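Following: one structure in structure tokens, then a few remarks.
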Amino acid sequence: MLAEALSSPPAGLAEALALVDGFDEALVHGLGRPDESHLQSLADLAAVFADSPLATPVAEAVAKIEAGSITDEHLVALAGARAALLGAAHDALLAGLDQALSRPRADLPETAPSSAVPAGIRSWLRELAITGWRGVDHEVAAAGARLVPGLLEDPRHRRPAVLIDGLAAELRAAAPVATQPQVPARRWADLWGRALLMSQSQASAREVTGRFLILGADLREHPTAFQVQVHGLLEEGEEVRLVRTSVTAAKVDTITGASAWRLLEGFPVLLDALAKHRSVELAGVPLTAFGDLIWDESRASAGEVTDPFATARVRLAGALAAPVAPLERHPAAILEPVLLEGYTVSDGEIDLGGLSLPIDPLLAAGPLTAAMVGASTTCIALLRHDAGRWSVRPLAVQATVRKKAVEAHTGDWALGPTEPKAAKAEAVAGAAVEVLRERAGRLLRK
């Protein structure tokens, strides 16, 4: 049933994404000088929302673009329409997946924005929209970077500051964009739209006490950051919920692979649980309505040793999934934990009985390798949807290597590599972490 659901796209998905692509192409060219094809794409977008609450603002925005006059409010309306289309695509894909997995999902709670996007950000985003990606030069890209230091001073604006910093960095690297053979239109439009719509939403949160059973860890590395997002099940009385928690550390681009774990030494309980496959006892840890545990080491303690595969087989199917936050409703944001069994692997793809799914690249920070995934027949993984198709991101596998049953998890090296050769290499590379930590300490003492 899962293979059937993944191989049958929801009705209207292609049409919705085609409308998004039309808007994104107009953004590449620039809304300040649209040609006939781009105006038609914008008119098609407005037509789709003719019977919705967005009908008037979107129609007005398209008319203003045609007249050569557009304001921040008009751009917000267009960004909202684009986000609504992607949100509908996300919901349709996730609904089909939930049905195939028999996964119940909680209702979306009410939220209210508590702070608007700062004026400086809106001004820069308006300039990008009018100029178009092809018109971005070093000066335009640098203008976004200059906004970041001021935004970081206000805790309410740190999330948009990080997003603007990332978008500006990508634009600086590509500037002048007019000379580039291709433009990542969908990605840049995603970042532009998210920044324009972003505000801090007051999602309800409550303190929970119970047992956190870890399924696996999704490792994410950027030149300046390392993040571990841990997926698992929260047992709170008789109720079992699918939750996740994330810990992040800043880094430099010379720190990669297994040595990046050293940056997270401030989370010993979580790292111990990952490396030793322990459950975690939680006492009063905040849980948002969207299934995010706000990790607090002082409220967590090591539990008993557990088997993630046994947990997945026995408890995952009936666990209550959290609703998705409004701004996270995007096909590329789908990350659903699943247990896959009885498959075969060939040419970097998992075959689920007639349906082949590509395997995401693995971060070299643990013992889980492409060869081990290729030899596996069982895995705990995240199902993703990007570039029009589903893919698999393994978190743990059971495989047969040299006639021996083996098991590997992405978090096995959270306390350091357990293989002698890898441990030796990490000891050399990890020295950079200690040197940088000492230098940072000196600067702080001064």
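Observations, loosely collected:
- Net charge over other residues, Cβ less than 12 angstrom from the Cβ of residue 145 (K, R count +1; D, E count -1): -1
- Segment residue 288-residue 178, extension gain: residue separation times 0.36 nm, minus the distance between their alpha carbons: 35.3 nm
- For the stretch 24-38 versus the stretch 296-363, the gap between their alpha-carbon centres in whole angstrom: 39 Å
- Spin-label model distance (nm) - residue 346 vs residue 154, 7 Å beyond Cα toward Cβ: 5.7 nm
- For the stretch 205-316, the equivalent ellipsoid built from the Cα gyration tensor has semi-axes of 24, 15, 13 Å, listed from largest to smallest.
- Of the DSSP H helices in the chain, those whose Cα atoms cover at least 27 Å axially and whose Kyte score averages -0.5 or more: 72-101, 420-445
- Computed log10 I(q)/I(0) for the stretch 2-197 at 0.10, 0.17, 0.18 Å⁻¹: -0.47, -1.18, -1.26, from the Debye equation with unit scatterers placed on every C-alpha and solvent omitted.
- Excluding same-chain neighbours fewer than eight residues apart, the lysines reachable from residue 424 by a Cα-Cα span under 21 Å are 276.
- Counted charge near residue 428, where neighbours are those whose Cβ lies closer than 15 Å (Asp, Glu -1; Lys, Arg +1): 0
- Fully extended contour minus Cα-Cα distance, from residue 50 to residue 162, at 0.36 nm per residue: 36.8 nm
- Label-to-label distance, residue 421 versus residue 389, with points set 7 angstrom from Cα along the beta-carbon direction: 3.2 nm.
- Each stretch of four or more DSSP H residues adds -39500 (n - 2.57); spread over every residue of the chain, this sum gives -12500 deg cm²/dmol at 222 nm.
- Label of the coordinate-derived value, volume of the Cα convex hull per residue in Å³, listed as (1) 179; (2) 168; (3) 159: (2)
- For residue 395, the amide hydrogen comes within under 5 Å of the amide hydrogens of 380, 381, 382, counting only partners 5 or more places away or on other chains and with H modelled in the peptide plane.
- Within the shell of other residues whose beta carbon sits under 11 angstrom from the beta carbon of residue 70, the net charge comes to -2, with Lys and Arg scored +1 and Asp and Glu -1.
- Footprinting exposure proxy for 208, 252 (fewest neighbouring C-beta atoms within 10 Å first): 252, 208
- Point-to-point label distance, residue 204-residue 108, nm (Cα→Cβ direction, 7 Å offset): 1.6 nm
- Ranking 28, 184, 287 by how far each Cα lies toward the positive end of the dipole of the chain (charges on Cβ) leaves 287 at the top.
- Shape category assigned to the stretch 136-255 from the gyration tensor of Cα positions, a/c cut at 1.5: prolate
- Under 11 Å from the residue 227 label point (7 Å along Cα→beta-carbon), backbone N, the stretch 235-278: 246-249
- Amide H contacts of residue 303 (H built 1.01 Å from N, in plane; Pro and chain starts excluded): 279, 280, 281 sit under 5 Å, all sequence-distant by 5 or more or on other chains.
- The mean sequence separation of alpha-carbon pairs under 8 Å and at least six residues apart, normalised by the residue count of the chain, gives a relative contact order of 14 percent.
Values quoted throughout were computed directly from the atomic coordinates according to the rules given, and no laboratory measurement underlies them. Just so it is clear, the model here is predicted, and its values are computed rather than measured. Note that we place each Cβ from the backbone using ideal geometry, even for glycine, and neighbour counts take in every protein chain shown.
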